[in-house]
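Following: one structure in C-alpha coordinates, then a few remarks.
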Amino acid sequence: MSKSQIQIFDTTLRDGEQVPGCKLNTEQKVTIAEQLDLLGVDVIEAGFPISSPGDFSSVSAVSEVVKNATVCGLTRAVEKDIEVAAEAVRNAKKPRIHTGIGTSDSHIKFKFQATREEILERAFRAVKYAKSFVEDVEFYAEDAGRTENEYLARVCEQAIKAGATVLNIPDTTGYCLPNEYGAKIKYLKENVKGIENAILSCHCHNDLGLATANSIEGVIQGARQIECTINGIGERAGNTALEEVVMVLKQHPYLDLDTRVNTTLLYETSQMVSQHMGIYTQPNKAIVGSNAFAHSSGIHQDGVIKNRETYEIIDPKDVGVTESAIVLTARSGRAALAYRAKKVGYELTKLQLDEVYANFLNFADRKKEIKDNDIHQIIETSKVFDQIVSA
Ligand code: KIV
Ligand code: ZN
(Lines give C-alpha, C1' and ligand atoms only; values in the text may rest on other atoms or scores of the structure.)
(Ligands and ions follow the chains in the order given, each with its own letter.)
Protein backbone atom coordinates (compact mmCIF):
# COMPACT_ATOMS: atom_id res chain seq x y z
CA MET A 1 0.00 0.00 0.00
CA SER A 2 1.45 3.43 -0.88
CA LYS A 3 1.89 5.91 1.94
CA SER A 4 -0.17 9.11 2.27
CA GLN A 5 1.91 12.20 1.59
CA ILE A 6 2.03 14.83 4.32
CA GLN A 7 2.69 18.30 2.93
CA ILE A 8 5.42 20.13 4.81
CA PHE A 9 4.60 23.84 5.06
CA ASP A 10 7.69 25.64 6.30
CA THR A 11 7.07 28.94 8.08
CA THR A 12 10.64 29.62 9.30
CA LEU A 13 10.67 32.85 7.27
CA ARG A 14 7.33 34.07 8.68
CA ASP A 15 6.29 32.61 12.06
CA GLY A 16 9.92 31.65 12.80
CA GLU A 17 11.19 35.11 12.00
CA GLN A 18 8.80 36.62 14.56
CA VAL A 19 11.39 35.76 17.25
CA PRO A 20 12.57 39.09 18.70
CA GLY A 21 16.00 40.05 17.34
CA CYS A 22 15.97 37.48 14.53
CA LYS A 23 14.81 39.60 11.63
CA LEU A 24 16.27 38.49 8.31
CA ASN A 25 17.10 40.71 5.36
CA THR A 26 16.05 39.86 1.81
CA GLU A 27 19.36 38.23 0.91
CA GLN A 28 19.19 35.98 3.97
CA LYS A 29 15.56 35.05 3.26
CA VAL A 30 16.45 34.14 -0.32
CA THR A 31 19.41 31.99 0.82
CA ILE A 32 17.27 30.13 3.35
CA ALA A 33 14.36 29.75 0.90
CA GLU A 34 16.68 28.17 -1.69
CA GLN A 35 17.90 25.71 0.94
CA LEU A 36 14.32 24.89 1.99
CA ASP A 37 13.46 24.24 -1.65
CA LEU A 38 16.44 21.90 -1.90
CA LEU A 39 15.38 20.22 1.35
CA GLY A 40 12.10 19.34 -0.36
CA VAL A 41 9.46 21.21 1.63
CA ASP A 42 6.14 21.60 -0.19
CA VAL A 43 5.28 25.16 0.85
CA ILE A 44 7.49 28.07 1.92
CA GLU A 45 5.69 30.82 3.82
CA ALA A 46 8.06 33.66 2.93
CA GLY A 47 6.59 36.45 5.05
CA PHE A 48 3.76 38.84 5.81
CA PRO A 49 3.99 41.24 2.85
CA ILE A 50 1.87 44.10 4.26
CA SER A 51 3.90 44.21 7.47
CA SER A 52 6.80 46.24 6.01
CA PRO A 53 8.29 47.26 2.63
CA GLY A 54 11.29 45.04 3.47
CA ASP A 55 9.10 42.00 3.97
CA PHE A 56 7.20 42.73 0.76
CA SER A 57 10.54 42.78 -1.12
CA SER A 58 11.65 39.56 0.57
CA VAL A 59 8.46 37.69 -0.36
CA SER A 60 8.78 38.97 -3.97
CA ALA A 61 12.44 37.94 -4.16
CA VAL A 62 11.72 34.50 -2.71
CA SER A 63 8.87 34.09 -5.23
CA GLU A 64 11.33 34.73 -8.07
CA VAL A 65 13.93 32.14 -7.02
CA VAL A 66 12.02 29.16 -5.62
CA LYS A 67 11.87 26.40 -8.22
CA ASN A 68 9.70 23.65 -6.77
CA ALA A 69 7.83 24.66 -3.63
CA THR A 70 4.66 26.75 -3.41
CA VAL A 71 5.45 30.25 -2.12
CA CYS A 72 2.96 31.69 0.32
CA GLY A 73 2.32 35.15 1.80
CA LEU A 74 0.35 35.76 5.02
CA THR A 75 -2.50 38.25 5.36
CA ARG A 76 -5.18 39.25 7.82
CA ALA A 77 -8.78 39.09 6.57
CA VAL A 78 -8.32 42.60 5.23
CA GLU A 79 -8.60 43.58 1.55
CA LYS A 80 -5.44 45.70 1.44
CA ASP A 81 -3.37 42.88 3.01
CA ILE A 82 -4.66 40.46 0.39
CA GLU A 83 -3.90 42.82 -2.50
CA VAL A 84 -0.33 43.37 -1.27
CA ALA A 85 0.25 39.63 -0.71
CA ALA A 86 -1.11 38.85 -4.18
CA GLU A 87 1.35 41.33 -5.68
CA ALA A 88 4.26 39.90 -3.64
CA VAL A 89 3.71 36.27 -4.74
CA ARG A 90 2.79 37.25 -8.33
CA ASN A 91 5.95 35.78 -9.87
CA ALA A 92 5.97 32.55 -7.91
CA LYS A 93 5.68 29.35 -9.99
CA LYS A 94 3.07 28.19 -7.46
CA PRO A 95 1.64 31.14 -5.49
CA ARG A 96 -0.53 30.81 -2.38
CA ILE A 97 -2.29 33.40 -0.21
CA HIS A 98 -2.73 32.49 3.46
CA THR A 99 -5.54 34.55 4.93
CA GLY A 100 -7.61 34.21 8.07
CA ILE A 101 -9.08 35.57 11.26
CA GLY A 102 -9.33 34.76 14.99
CA THR A 103 -12.22 32.43 15.77
CA SER A 104 -12.06 31.78 19.52
CA ASP A 105 -14.53 33.66 21.73
CA SER A 106 -11.60 35.48 23.28
CA HIS A 107 -10.38 36.76 19.90
CA ILE A 108 -13.89 37.58 18.69
CA LYS A 109 -14.71 39.54 21.83
CA PHE A 110 -11.41 41.26 22.68
CA LYS A 111 -9.59 41.58 19.34
CA PHE A 112 -12.51 42.26 17.02
CA GLN A 113 -15.36 43.32 19.32
CA ALA A 114 -17.49 41.39 16.89
CA THR A 115 -20.01 38.56 16.88
CA ARG A 116 -19.56 34.99 15.69
CA GLU A 117 -21.82 35.71 12.71
CA GLU A 118 -19.72 38.71 11.67
CA ILE A 119 -16.55 36.58 11.80
CA LEU A 120 -18.16 33.96 9.56
CA GLU A 121 -18.91 36.65 7.02
CA ARG A 122 -15.43 38.20 7.20
CA ALA A 123 -13.81 34.79 6.74
CA PHE A 124 -15.94 34.12 3.66
CA ARG A 125 -15.20 37.54 2.13
CA ALA A 126 -11.44 37.28 2.72
CA VAL A 127 -11.14 33.87 1.05
CA LYS A 128 -13.37 34.97 -1.85
CA TYR A 129 -11.25 38.08 -2.37
CA ALA A 130 -7.95 36.14 -2.19
CA LYS A 131 -9.42 33.67 -4.68
CA SER A 132 -9.83 36.51 -7.19
CA PHE A 133 -6.00 36.71 -7.32
CA VAL A 134 -4.78 33.12 -6.93
CA GLU A 135 -6.24 29.63 -7.20
CA ASP A 136 -4.49 28.32 -4.08
CA VAL A 137 -5.92 29.96 -0.94
CA GLU A 138 -5.26 28.72 2.57
CA PHE A 139 -7.54 29.88 5.38
CA TYR A 140 -6.42 30.01 9.04
CA ALA A 141 -8.80 30.07 12.00
CA GLU A 142 -6.52 31.76 14.51
CA ASP A 143 -6.74 30.30 18.03
CA ALA A 144 -8.61 27.28 16.66
CA GLY A 145 -7.12 25.34 19.57
CA ARG A 146 -9.44 27.23 21.93
CA THR A 147 -12.35 27.55 19.49
CA GLU A 148 -15.44 25.43 20.15
CA ASN A 149 -15.49 22.63 17.56
CA GLU A 150 -19.07 23.20 16.39
CA TYR A 151 -18.45 26.84 15.59
CA LEU A 152 -15.02 26.04 14.08
CA ALA A 153 -16.74 23.62 11.70
CA ARG A 154 -19.08 26.41 10.56
CA VAL A 155 -16.11 28.72 9.94
CA CYS A 156 -14.39 26.00 7.91
CA GLU A 157 -17.55 25.48 5.84
CA GLN A 158 -17.65 29.17 4.97
CA ALA A 159 -13.98 29.11 3.93
CA ILE A 160 -14.51 26.05 1.73
CA LYS A 161 -17.64 27.61 0.20
CA ALA A 162 -15.54 30.65 -0.71
CA GLY A 163 -12.92 28.40 -2.34
CA ALA A 164 -10.25 27.66 0.30
CA THR A 165 -7.99 24.77 -0.70
CA VAL A 166 -6.36 24.33 2.72
CA LEU A 167 -7.85 24.87 6.20
CA ASN A 168 -5.25 25.73 8.81
CA ILE A 169 -6.26 24.81 12.38
CA PRO A 170 -3.72 26.66 14.55
CA ASP A 171 -3.22 25.90 18.20
CA THR A 172 -1.99 29.48 18.40
CA THR A 173 -1.39 29.50 22.14
CA GLY A 174 -0.02 25.94 22.38
CA TYR A 175 -2.84 25.01 24.77
CA CYS A 176 -4.19 21.70 23.45
CA LEU A 177 -3.28 18.21 24.60
CA PRO A 178 -2.52 15.76 21.78
CA ASN A 179 -5.80 13.87 22.22
CA GLU A 180 -7.79 17.14 22.20
CA TYR A 181 -6.04 18.45 19.10
CA GLY A 182 -6.44 15.10 17.33
CA ALA A 183 -10.12 14.97 18.28
CA LYS A 184 -10.58 18.48 16.82
CA ILE A 185 -9.13 17.37 13.48
CA LYS A 186 -11.26 14.21 13.52
CA TYR A 187 -14.37 16.24 14.33
CA LEU A 188 -13.71 18.60 11.41
CA LYS A 189 -13.07 15.69 9.03
CA GLU A 190 -16.37 14.15 10.03
CA ASN A 191 -18.56 17.23 10.33
CA VAL A 192 -17.50 19.94 7.86
CA LYS A 193 -19.59 19.91 4.69
CA GLY A 194 -17.32 19.92 1.63
CA ILE A 195 -14.21 18.85 3.57
CA GLU A 196 -13.32 16.48 0.72
CA ASN A 197 -12.50 19.63 -1.32
CA ALA A 198 -9.81 20.88 1.07
CA ILE A 199 -7.01 19.57 3.21
CA LEU A 200 -6.66 20.19 6.94
CA SER A 201 -3.38 21.63 8.21
CA CYS A 202 -1.80 21.41 11.68
CA HIS A 203 -0.14 24.58 12.99
CA CYS A 204 0.92 23.98 16.58
CA HIS A 205 2.80 26.19 19.00
CA ASN A 206 5.06 24.83 21.70
CA ASP A 207 4.03 26.69 24.88
CA LEU A 208 3.58 23.40 26.74
CA GLY A 209 6.22 21.49 24.77
CA LEU A 210 3.49 19.63 22.86
CA ALA A 211 3.79 21.06 19.34
CA THR A 212 5.34 17.98 17.76
CA ALA A 213 3.03 15.54 19.56
CA ASN A 214 -0.03 17.60 18.59
CA SER A 215 0.98 17.82 14.93
CA ILE A 216 1.62 14.09 14.74
CA GLU A 217 -1.73 13.33 16.36
CA GLY A 218 -3.33 15.75 13.88
CA VAL A 219 -2.02 13.85 10.85
CA ILE A 220 -2.90 10.50 12.41
CA GLN A 221 -6.47 11.81 12.65
CA GLY A 222 -6.58 12.91 9.01
CA ALA A 223 -4.83 16.28 8.54
CA ARG A 224 -2.54 16.25 5.50
CA GLN A 225 -0.28 19.26 6.07
CA ILE A 226 2.01 20.24 8.95
CA GLU A 227 3.17 23.83 9.46
CA CYS A 228 6.57 23.99 11.11
CA THR A 229 9.90 25.78 11.37
CA ILE A 230 13.53 24.71 11.28
CA ASN A 231 14.80 24.17 14.85
CA GLY A 232 11.24 24.86 16.07
CA ILE A 233 11.95 28.58 16.22
CA GLY A 234 9.07 31.01 16.62
CA GLU A 235 7.47 33.42 19.04
CA ARG A 236 7.49 32.52 22.75
CA ALA A 237 8.31 28.79 23.00
CA GLY A 238 8.28 28.42 19.22
CA ASN A 239 6.52 26.34 16.59
CA THR A 240 6.53 22.66 15.67
CA ALA A 241 10.08 21.68 14.69
CA LEU A 242 10.25 20.55 11.06
CA GLU A 243 13.10 18.11 11.68
CA GLU A 244 11.13 16.44 14.50
CA VAL A 245 7.87 15.78 12.63
CA VAL A 246 9.70 14.64 9.51
CA MET A 247 11.82 12.17 11.47
CA VAL A 248 8.87 10.93 13.55
CA LEU A 249 7.09 9.97 10.34
CA LYS A 250 10.24 8.42 8.85
CA GLN A 251 11.06 6.39 11.97
CA HIS A 252 7.48 5.09 12.31
CA PRO A 253 6.74 3.67 8.85
CA TYR A 254 3.68 1.72 10.06
CA LEU A 255 1.84 5.07 10.29
CA ASP A 256 1.87 5.01 6.45
CA LEU A 257 2.55 8.73 6.35
CA ASP A 258 5.45 10.17 4.43
CA THR A 259 7.01 13.49 3.42
CA ARG A 260 9.14 14.52 0.45
CA VAL A 261 11.87 15.98 2.65
CA ASN A 262 15.45 14.91 1.91
CA THR A 263 16.37 14.21 5.52
CA THR A 264 20.12 14.12 4.83
CA LEU A 265 19.96 17.91 4.48
CA LEU A 266 18.35 18.49 7.89
CA TYR A 267 21.52 19.14 9.87
CA GLU A 268 23.06 21.62 7.43
CA THR A 269 19.71 23.44 7.10
CA SER A 270 19.46 23.68 10.88
CA GLN A 271 22.98 25.13 11.08
CA MET A 272 22.25 27.63 8.32
CA VAL A 273 19.08 28.93 10.00
CA SER A 274 20.75 29.10 13.38
CA GLN A 275 23.67 31.12 11.98
CA HIS A 276 21.54 33.57 10.01
CA MET A 277 19.16 34.15 12.91
CA GLY A 278 21.86 34.24 15.56
CA ILE A 279 20.04 31.68 17.72
CA TYR A 280 22.11 28.77 18.95
CA THR A 281 20.37 25.43 19.06
CA GLN A 282 20.27 23.84 22.52
CA PRO A 283 22.72 20.88 22.70
CA ASN A 284 19.97 18.42 23.63
CA LYS A 285 17.65 19.53 20.79
CA ALA A 286 16.13 16.43 19.17
CA ILE A 287 17.64 15.49 15.76
CA VAL A 288 19.90 18.52 15.25
CA GLY A 289 21.38 19.39 18.68
CA SER A 290 25.12 18.84 19.15
CA ASN A 291 24.41 16.07 21.69
CA ALA A 292 21.68 14.33 19.66
CA PHE A 293 24.13 11.58 18.64
CA ALA A 294 26.70 11.93 21.44
CA HIS A 295 27.21 9.25 24.09
CA SER A 296 29.06 9.93 27.32
CA SER A 297 28.14 7.34 29.94
CA GLY A 298 30.20 4.13 30.06
CA ILE A 299 27.24 1.76 29.72
CA HIS A 300 25.83 3.55 26.66
CA GLN A 301 29.26 3.92 25.04
CA ASP A 302 30.02 0.23 25.42
CA GLY A 303 26.68 -0.60 23.74
CA VAL A 304 27.07 1.89 20.88
CA ILE A 305 30.63 0.75 20.13
CA LYS A 306 29.36 -2.86 19.89
CA ASN A 307 26.30 -1.89 17.85
CA ARG A 308 25.00 1.66 17.22
CA GLU A 309 21.36 0.54 17.43
CA THR A 310 21.63 -0.34 21.13
CA TYR A 311 21.20 3.34 22.04
CA GLU A 312 20.33 5.11 18.77
CA ILE A 313 17.00 4.96 16.93
CA ILE A 314 18.21 7.16 14.06
CA ASP A 315 21.28 6.63 11.89
CA PRO A 316 23.04 10.02 12.15
CA LYS A 317 23.84 9.86 8.42
CA ASP A 318 20.08 9.95 7.71
CA VAL A 319 19.96 13.53 9.02
CA GLY A 320 23.32 14.61 7.63
CA VAL A 321 25.48 14.06 10.73
CA THR A 322 28.68 12.21 9.83
CA GLU A 323 28.86 9.85 12.83
CA SER A 324 27.85 9.31 16.43
CA ALA A 325 30.20 10.87 18.97
CA ILE A 326 31.81 9.00 21.85
CA VAL A 327 32.45 11.78 24.36
CA LEU A 328 34.99 11.15 27.12
CA THR A 329 34.06 12.31 30.61
CA ALA A 330 34.60 10.95 34.12
CA ARG A 331 31.49 8.79 33.50
CA SER A 332 33.06 7.04 30.50
CA GLY A 333 34.32 3.47 30.56
CA ARG A 334 37.30 1.52 29.23
CA ALA A 335 35.60 0.65 25.92
CA ALA A 336 35.16 4.34 25.09
CA LEU A 337 38.73 5.19 26.07
CA ALA A 338 40.15 2.35 23.93
CA TYR A 339 37.91 3.45 21.00
CA ARG A 340 38.99 7.09 21.18
CA ALA A 341 42.67 6.19 21.80
CA LYS A 342 42.61 4.07 18.63
CA LYS A 343 41.14 7.01 16.68
CA VAL A 344 44.10 9.17 17.67
CA GLY A 345 46.64 6.42 16.96
CA TYR A 346 47.12 4.07 19.95
CA GLU A 347 46.37 0.35 20.06
CA LEU A 348 46.02 -0.62 23.75
CA THR A 349 46.22 -4.17 25.14
CA LYS A 350 43.91 -5.05 28.02
CA LEU A 351 46.65 -4.55 30.61
CA GLN A 352 47.78 -1.25 29.10
CA LEU A 353 44.18 -0.08 29.02
CA ASP A 354 43.77 -0.76 32.76
CA GLU A 355 46.82 1.36 33.47
CA VAL A 356 45.89 4.21 31.12
CA TYR A 357 42.29 4.17 32.37
CA ALA A 358 43.41 4.85 35.95
CA ASN A 359 45.38 7.84 34.70
CA PHE A 360 42.40 8.93 32.57
CA LEU A 361 40.04 9.00 35.57
CA ASN A 362 42.38 11.34 37.44
CA PHE A 363 42.37 13.69 34.46
CA ALA A 364 38.64 13.37 33.84
CA ASP A 365 37.73 14.25 37.42
CA ARG A 366 39.47 17.58 36.88
CA LYS A 367 38.05 18.34 33.39
CA LYS A 368 34.50 18.46 32.02
CA GLU A 369 35.45 16.69 28.79
CA ILE A 370 38.59 14.91 27.58
CA LYS A 371 39.61 16.02 24.07
CA ASP A 372 42.04 14.38 21.60
CA ASN A 373 45.07 16.39 22.82
CA ASP A 374 44.30 15.29 26.41
CA ILE A 375 44.35 11.64 25.29
CA HIS A 376 47.90 12.08 24.01
CA GLN A 377 48.91 13.60 27.33
CA ILE A 378 47.17 10.86 29.36
CA ILE A 379 48.92 8.12 27.39
CA GLU A 380 52.31 9.82 27.42
CA THR A 381 52.17 10.20 31.21
CA SER A 382 51.07 6.60 31.81
CA LYS A 383 53.56 4.12 33.26
CA VAL A 384 53.06 1.81 30.28
CA PHE A 385 53.71 4.47 27.62
CA ASP A 386 56.96 2.83 26.42
CA GLN A 387 55.13 -0.43 25.64
CA ILE A 388 52.23 1.08 23.67
CA VAL A 389 52.31 0.63 19.91
CA SER A 390 50.70 2.94 17.37
CA ALA A 391 47.42 1.84 15.82
O1 KIV B 1 -0.30 30.74 15.26
C2 KIV B 1 -1.11 31.22 14.45
O3 KIV B 1 -2.32 31.23 14.67
C4 KIV B 1 -0.58 31.77 13.21
C5 KIV B 1 -1.56 32.18 12.16
C6 KIV B 1 -1.35 33.59 11.78
C7 KIV B 1 -1.49 31.25 11.00
O8 KIV B 1 0.62 31.84 13.03
ZN1 ZN C 1 1.69 30.55 14.46
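Any residue that is more than 20 Å from LEU266 (Cβ to Cβ), within 16 Å of ligand 1 (Cβ to nearest atom), within 25 Å of the chain's Cα centre (by Cα) and basic (Lys, Arg) - is there at least one of those in segment 71-80?
yes
Of the residues in segment 341-354, how many are open to solvent by 60 Å² or more (accessible area, probe 1.4 Å) and over 16 Å from LEU328 (Cα atoms)?
4
Have a look at GLU138, GLU150 and point out the one that is in contact with a Leu (Cβ under 9 Å, 6 or more places away or on another chain) and not in a loop (DSSP other than H, G, I, E, B). Give the steps one after another, and end with the answer.
Numbers: GLU150 fails: in contact with a Leu (Cβ under 9 Å, 6 or more places away or on another chain).
Only one candidate qualifies: GLU138.
Would you say TYR175 is away from ligand 1 (no atom under 13 Å from the Cβ) and in the same structural domain as VAL89 (by TED's automatic domain parsing)?
no
Within segment 37-44, identify whether any single residue is more than 16 Å from ligand 1 (Cβ to nearest atom), part of a helix (DSSP H, G or I) and surrounded by 18 or more Cβ atoms within 10 Å (Cβ to Cβ), and answer yes or no.
Narrowing segment 37-44 to residues more than 16 Å from ligand 1 (Cβ to nearest atom): 37-42.
Narrowing the set further to residues that are part of a helix (DSSP H, G or I) leaves 37-39.
The next check asks that each one be surrounded by 18 or more Cβ atoms within 10 Å (Cβ to Cβ); those that pass are 37, 39.
The answer is yes; a qualifying residue exists.
Hey, can you tell me all the residues within segment 8-33 that are assigned to a loop (DSSP other than H, G, I, E, B) and among the basic types (Lys, Arg)?
Of the residues in segment 8-33, the ones assigned to a loop (DSSP other than H, G, I, E, B) are 11-15, 19-25.
Answer for segment 8-33, where residues must be assigned to a loop (DSSP other than H, G, I, E, B) and among the basic types (Lys, Arg): ARG14, LYS23.
Output the residues belonging to segment 320-334 that are outside any loop (DSSP other than H, G, I, E, B) and either in contact (Cβ under 8 Å) with a residue 40 or more places away in the chain or open to solvent by less than 100 Å² (accessible area, probe 1.4 Å) (or both).
Across segment 320-334, the qualifying residues are ALA325, ILE326, LEU328.
Looking at VAL166, VAL273, VAL248, can you tell me which residue is within 16 Å of ligand 1 (Cβ to nearest atom), within 28 Å of LYS29 (Cα to Cα) and not assigned by TED's automatic domain parsing to the domain that holds GLU323?
Of the residues listed, the single one that is within 16 Å of ligand 1 (Cβ to nearest atom), within 28 Å of LYS29 (Cα to Cα) and not assigned by TED's automatic domain parsing to the domain that holds GLU323 is VAL166.
Does VAL344 fit the bill of being closer than 30 Å to GLY234 by Cβ, of a type in the set (Val, Ile, Thr) and not assigned by TED's automatic domain parsing to the domain that holds GLU27? Steps first, please.
Details: closer than 30 Å to GLY234 by Cβ: no; of a type in the set (Val, Ile, Thr): yes; not assigned by TED's automatic domain parsing to the domain that holds GLU27: yes.
No, not satisfied.
What number goes with the only condition from (1) touching a helix residue (DSSP H, G or I) at 6+ places or on another chain (Cβ under 9 Å); (2) farther than 23 Å from THR11 by Cβ; (3) assigned to a loop (DSSP other than H, G, I, E, B) that ALA164 does not pass?
Failed condition: (2).
The values are calculated or read from the model by the stated rules, or taken from the named source; none is laboratory data. Only a predicted model underlies this, so the values are computations on that prediction, with no experimental measurement involved. Here the Cβ is made from the backbone with ideal geometry for all residues, glycine too, and neighbour counts use every protein chain on show. Each accessible area value is taken on the protein alone, full model and side chains, heavy atoms only, with ligands, DNA and RNA left out. Shrake-Rupley method; radii C 1.70, N 1.55, O 1.52, S 1.80 Å.
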